[in-house]
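What follows is a single structure, written as C-alpha cells, with notes after it.
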Amino acid sequence: MGLDSIELVMEFEKKFGIEIPDADAEKLTTVGIVHEYIYNRIQSSKSNHCLSQHLFYKIRQYCSEYLRIPKSKINIKTDLNELFPIPIRKVEYKKFSTATGLVVPDLALSYKTSKLLEIVGIISILGSLIVTFLLAIFFSYSKWLYMIPIIGIVITLLLSWLLNPFRTTIRPMLVNDYIYKLISLNYTQLTENNHLTKLEIIAVINQVIVDKIGVDMEEISPEKSFTDDLGVD
C-alpha cells in the first residue's frame with residue numbers, strides 16, 4: 001500500500017472508530033468495496049433511528065420557529081440559501097449551529113467569486129514563477145528571485161482574507177446534501193445513541209474520500225478504483 005492509501009485507511013478508522021487490519025485494507029480497491037466493508041463492520045443492535053430524517057426535522061423546526069418559514073415550504077430539495085436571508089444569514093447561521101448543537105460547514109464564497117479567487121491565485125502564483133524563471137535563466141538574475149512566487153501566494157491569501165465578508169453562501173445548498181455533510185461533521189456525536197442507515201454511512205465515506213484525496217464528489221461512484229480512477233497510490 002502507498003502512503004496515500006495508508007492515510008485514507010487511517011482516516012476511515014478514525015472517523016468510524018474501527019480497526020482495519022492490513023490484510024483487509026489490501027482488498028479495499030474500489031469505492032463500492034469500502035462502502036460494503038465499513039457498513040458491515042459498524043452494524044450494531046442500536047436503535048434504527050434515521051439520522052437524516054432527524055436532522056431534516058431539526059432544520060425545519062429551526063426555520064419554522066426562528067425564521068418564521070412555513071414547514072410546508074421546506075423539503076429535501078429546498079435551497080438553504082433561500083431559507084436564511086442574506087442580511088441576517090451570518091448571525092442566523094451561527095444561531096442555528098448553537099441551537100442544534102451541531103458543527104456546521106463554514107459559509108463560502110459564491111461560485112463566481114470563488115472561481116475569480118481561484119483564477120487570481122493561479123495567475124499571481126504561476127505568473128510570478130514564470131517571470132522569475134525567465135529572469136533567472138535568460139538574464140542571470142540571482143536564484144533568490146525564486147522567492148518572488150511567495151508574493152503571489154501572499155497576494156492570494158490576502159485577497160481571500162479580504163473576501164471574508166462575502167462568504168455568505170451555504171454549501172451544500174440543498175437540504176438533502178447539507179444533511180449528509182452534517183452527518184459527516186458530527187458523526188461521533190450523532191451516532192452515540194443512534195444507528196446510521198447504509199445510505200448515510202456511504203455519504204460519510206464519500207465525504208472522507210473527497211476531503212482526504214481532493215476529488216470532487218461527482219467523481220466518486222462504487223465502481224471507481226482508488227488507484228486507477230482516483231489517483232491514490
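From S184, S225, S221, which residue is in contact with a strand residue (DSSP E or B) (Cβ under 8 Å, 6 or more places away or on another chain) and not aromatic (F, W, Y)?
S225
Exactly one condition in (1) at pLDDT 90 or above; (2) surrounded by 13 or more Cβ atoms within 10 Å (Cβ to Cβ); (3) not in a loop (DSSP other than H, G, I, E, B) is false for G152; which is it?
(1)
Which of the following residues is modelled with pLDDT under 90 and under 30 Å from P85 (Cβ atoms): Q207, Q189?
From the options Q207, Q189, the qualifying one is Q189.
With the requirement that a residue be open to solvent by less than 20 Å² (accessible area, probe 1.4 Å), of a type outside the set (F, W, Y) and closer than 12 Å to L55 by Cα, what does segment 163-183 give you?
Result: V175, I179, L182, I183.
Show the residue pairs meeting these rules: Cβ distance below 9 Å; 6+ apart or different chains; first residue within segment 115-141 and farther than 30 Å from T169 by Cα; second residue open to solvent by 80 Å² or more (accessible area, probe 1.4 Å) and of a type in the set (F, W, Y).
Qualifying pairs under 9 Å: L129/Y146; T132/Y141; T132/Y146; F133/Y146; L135/Y141; A136/Y146.
Within segment 214-233, can you find the residues that are part of a loop (DSSP other than H, G, I, E, B) and farther than 18 Å from Y39 by Cβ?
Once the filter is applied, which keeps residues that are part of a loop (DSSP other than H, G, I, E, B) and farther than 18 Å from Y39 by Cβ, segment 214-233 yields G214, V215, D216, T227, D228, D229, L230, G231, V232, D233.
Does segment 194-213 contain any residue that is of a type in the set (D, E, K, R), in contact (Cβ under 8 Å) with a residue 40 or more places away in the chain, loosely packed, with under 14 Cβ neighbours inside 10 Å and part of a loop (DSSP other than H, G, I, E, B)?
No - not one qualifying residue is present in segment 194-213.
The values are calculated or read from the model by the stated rules, or taken from the named source; none is laboratory data. Bear in mind that the values here come from a model prediction, so they are computed numbers and not experimental data. Heads up, the Cβs are rebuilt from the backbone with ideal geometry, glycines too, and the neighbour counts pull from every protein chain shown. Accessible surface areas use protein heavy atoms only, side chains included; no ligands, DNA or RNA. Shrake-Rupley method; radii C 1.70, N 1.55, O 1.52, S 1.80 Å.
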